[in-house]
Amino acid sequence: MRELCDDGALRARTLLMSADFELLVVGGGSAGFAAAVRGAELGARVGLVEAGTLGGTCVNVGCLPSKTLIRAAEALHRRTHHPFAGVPWSGGAPHWPLIREQKDDLVSRLREAKYADVLRSYARVELIRGRAIVRSGPSVELEDGRIIRARKFIVTTGAAPWAPQIPGLGELEYLDSTSAMALDRLPASMIVIGGSAVGLELAQMFARLGVRVTVLEVMPRLVPAEANGIGEALAACLRDEGLEIFTSAVVQRVQRDSGYQVTFNIAGESRQLRAEQLLVATGRRANTGGLRLDGAGVTLGSKGEVVVDGHLRTSNPDIYAAGDVTGEPMFVYVAAYAGNTAADNALNDNLQQYDLTAVPRVTFTDPAIATVGMSAEEAAAAGFRTLTSELPLEHVPRALAARDTRGFIRLVADASTRRLLGAHILAAEAGEMITEPVLAIRFGLTIDDLASSFHPYLTLSEGIKLAAQAFDKDVAKLSCCAA
């Protein structure tokens, strides 16, 4: 991948070593770019420090490459797994190097369009190459000894894959979410440690490309952060596709000879698995090592994340932080919002509140998971008296027409006000359905507002209306045209 430091147009804008910035952003991912752009829009001179590839996790090694590979695997899967009589199935092995090359090409093009080209359009933003150590003052020291000073700083250094301390694992080379998508060839078999979003997305993708996949999850159900019932239903769908799923699986040891051997325990019984490749997808941790933030008076949390207040200000009032480096939720759209908010607050005396009231999350399995707001259990713990509606997709005409009724739509509402509190969707295109509940929660809409709004017939989003009607009606007894 071509590094932006080789670009003549950017190199020509040489940073004067003695220059001071009104805002210095450390980290060139989504949060960092959003912060830098917002700072420039506010009229500030902004420095953007980045040591590696511009664009951060999402465009380079996260959302974008994984989702295009997932779609490629889905296209192959549909050739031999579809429900339509009269449409012939056609087999064929995938050409992995070509699939991977398409993915790399897309990443390269969007990195150029969404980051390099964007940076060129903001004359007030100066790209500074190098690794930074944050000092009190405030200033940063680059690895070549240069000192750069600014009035305010924003740390946006993101996060990286994290692995637990499993005996034997630290001595071995294994795949993480980045290296798995860069394999030279498809293995015959793979063990995936971790049954949350990233692990499951990649597990299903590789399984659909012909890899024999086993998933080990230490918690009692897959995607344990999701509401009850979602992980169990998704596990059933994945098993139907041939994936081997083990939950409550405590990994005890990892060894390697000609392949990988994983020893794990379920309910006191020790078991062993062997596979050609091992993928560890057990979460991500903040990239704060080496920044020496403690020396600048910045407090870190138990997982290395930067602790911030409601304005994204750290314990050092001149230093802010945004994006994955602050911990959960690690989503690119949250990072961009946080970077924008942090820059606003750093330059305008903390006028903007960092608000995560209605943050959606999507797991791009098939069926997919999309969630916003509280589960019924969380709402009850928060003091709400709740109403819950759960609509199987067999009642959604679009799902019937597509002959894919896997999943359900669950809505949670406040019993006293009927205001929507949460939405939990398991469906083929759940991510395309979640925006309506997001807006409903953010703006305090009720389930009656949802039920009385127009929804186009034969769309999956019509399921939101039907789920809202199901609080008071038996939708099985409604006609397709029922209001």
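Confirm whether residue 57 is among the polar types (S, T, N, Q), closer than 27 Å to residue 186 by Cβ and without any contact (Cβ under 8 Å) to a residue 60 or more places away in the chain. Against the criterion (among the polar types (S, T, N, Q), closer than 27 Å to residue 186 by Cβ and without any contact (Cβ under 8 Å) to a residue 60 or more places away in the chain), residue 57 does not qualify.
With respect to (1) of a type in the set (D, E, K, R); (2) over 30 Å from residue 313 (Cα atoms); (3) surrounded by 17 or more Cβ atoms within 10 Å (Cβ to Cβ), the lone exception for residue 285 is condition (2). For the range 431-452, residues that are out of contact with any Leu (no Cβ under 7 Å at 6 or more places or on another chain) and more than 16 Å from residue 468 (Cα to Cα) total 3.
For residue 61, are the conditions met, namely being at pLDDT below 95, within 25 Å of residue 159 (Cβ to Cβ) and surrounded by 17 or more Cβ atoms within 10 Å (Cβ to Cβ)? Against the criterion (at pLDDT below 95, within 25 Å of residue 159 (Cβ to Cβ) and surrounded by 17 or more Cβ atoms within 10 Å (Cβ to Cβ)), residue 61 qualifies. In the set (1) surrounded by fewer than 24 Cβ atoms within 10 Å (Cβ to Cβ); (2) more than 17 Å from the chain's Cα centre (by Cα); (3) within 30 Å of residue 72 (Cα to Cα), the condition left unmet by residue 178 is number (2). Selection of the range 333-366 for residues being β-branched (Val, Ile, Thr) and modelled with pLDDT of 95 or more yields 334, 341, 359, 362, 363, 365.
Kindly provide the set of residues from the range 349-394 that are under 17 Å from the mean Cα position of the chain (by Cα) and of a type in the set (Asp, Glu), ordered by number.
Here is the first cut: in the range 349-394, the residues under 17 Å from the mean Cα position of the chain (by Cα) are 356, 358-373.
Within the range 349-394, 366 is the sole residue that qualifies.
From the list 396, 412, 438, the one residue that fits, being closer than 26 Å to residue 359 by Cβ, β-branched (Val, Ile, Thr) and touching a Ser or Thr at 6+ places or on another chain (Cβ under 7 Å), is 412. Of all residues in the range 447-460, none are in contact with a His (Cβ under 7 Å, 6 or more places away or on another chain) and touching a residue at least 40 places away in the same chain (Cβ under 8 Å).
Among helices (runs of 4 or more DSSP H) lying entirely in the range 326-442, which contain 1 or more residues that are surrounded by 17 or more Cβ atoms within 10 Å (Cβ to Cβ) and touching a helix residue (DSSP H, G or I) at 6+ places or on another chain (Cβ under 7 Å)?
Once the helices (runs of 4 or more DSSP H) in the range 326-442 are filtered for at least 1 residues that are surrounded by 17 or more Cβ atoms within 10 Å (Cβ to Cβ) and touching a helix residue (DSSP H, G or I) at 6+ places or on another chain (Cβ under 7 Å), what remains is 332-347, 397-402, 435-442.
Against the conditions (1) buried (at least 16 other Cβ atoms within 10 Å of the Cβ); (2) over 22 Å from residue 139 (Cβ atoms), residue 310 satisfies every one except (1). Cβ-Cβ distances below 6 Å connect no pair with a first residue in the range 135-152 that is modelled with pLDDT of 95 or more, a second residue that is among the β-branched types (Val, Ile, Thr) and not in a loop (DSSP other than H, G, I, E, B), and a separation of six or more residues or different chains. Given the conditions (1) at pLDDT 80 or above; (2) in contact with a Gly (Cβ under 8 Å, 6 or more places away or on another chain); (3) not in a strand (DSSP E or B), and given that residue 23 satisfies all but one, which numbered condition is not satisfied? Residue 23 satisfies every listed condition except (3).
In the range 252-274, what residues are among the acidic types (Asp, Glu) and under 19 Å from residue 220 (Cβ atoms)? Steps first, answer last, please.
Of the range 252-274, the ones among the acidic types (Asp, Glu) are 257, 269.
Within the range 252-274, 269 is the sole residue that qualifies.
When you check residue 189 against the structure, is it touching a residue at least 12 places away in the same chain (Cβ under 8 Å), under 23 Å from residue 91 (Cα atoms) and hydroxyl-bearing (Ser, Thr, Tyr), yes or no? Spelling it out, residue 189 is indeed touching a residue at least 12 places away in the same chain (Cβ under 8 Å), under 23 Å from residue 91 (Cα atoms) and hydroxyl-bearing (Ser, Thr, Tyr).
Could you look through the range 52-63, keep only residues that are assigned to a helix (DSSP H, G or I) and among the β-branched types (Val, Ile, Thr), and pick out the one that is farthest from residue 28 (Cα to Cα)? Give the derivation first.
Pass one, the range 52-63, residues assigned to a helix (DSSP H, G or I): 56-61, 63.
Of the ones still in play, those that are also among the β-branched types (Val, Ile, Thr) are 57, 59, 61.
On the way: 57: 10, 59: 12, 61: 14 Å.
Here the residue is 61.
The lone criterion from (1) of a type outside the set (A, V, I, L, M); (2) in contact with a strand residue (DSSP E or B) (Cβ under 7 Å, 6 or more places away or on another chain); (3) within 30 Å of residue 211 (Cα to Cα) left unmet by residue 104 is number (2). No other residue among 263, 299 is of a type outside the set (Lys, Arg), modelled with pLDDT of 95 or more and not assigned by TED's automatic domain parsing to the domain that holds residue 205 apart from 299. Note on the range 448-465: residues that are of a type outside the set (Val, Ile, Thr), part of a helix (DSSP H, G or I) and under 19 Å from residue 419 (Cβ atoms) amount to 6. Just so you know, in the range 443-452 the residues that are closer than 20 Å to residue 370 by Cβ and within 27 Å of the chain's Cα centre (by Cα) include one that is surrounded by the most Cβ atoms within 10 Å (Cβ to Cβ), and it is 445.
The values are calculated or read from the model by the stated rules, or taken from the named source; none is laboratory data. Keep in mind the model is a prediction, meaning the values are calculated, not measured. All Cβ positions, even for glycine, are placed from backbone atoms using ideal geometry, and neighbour counts span all protein chains on display.
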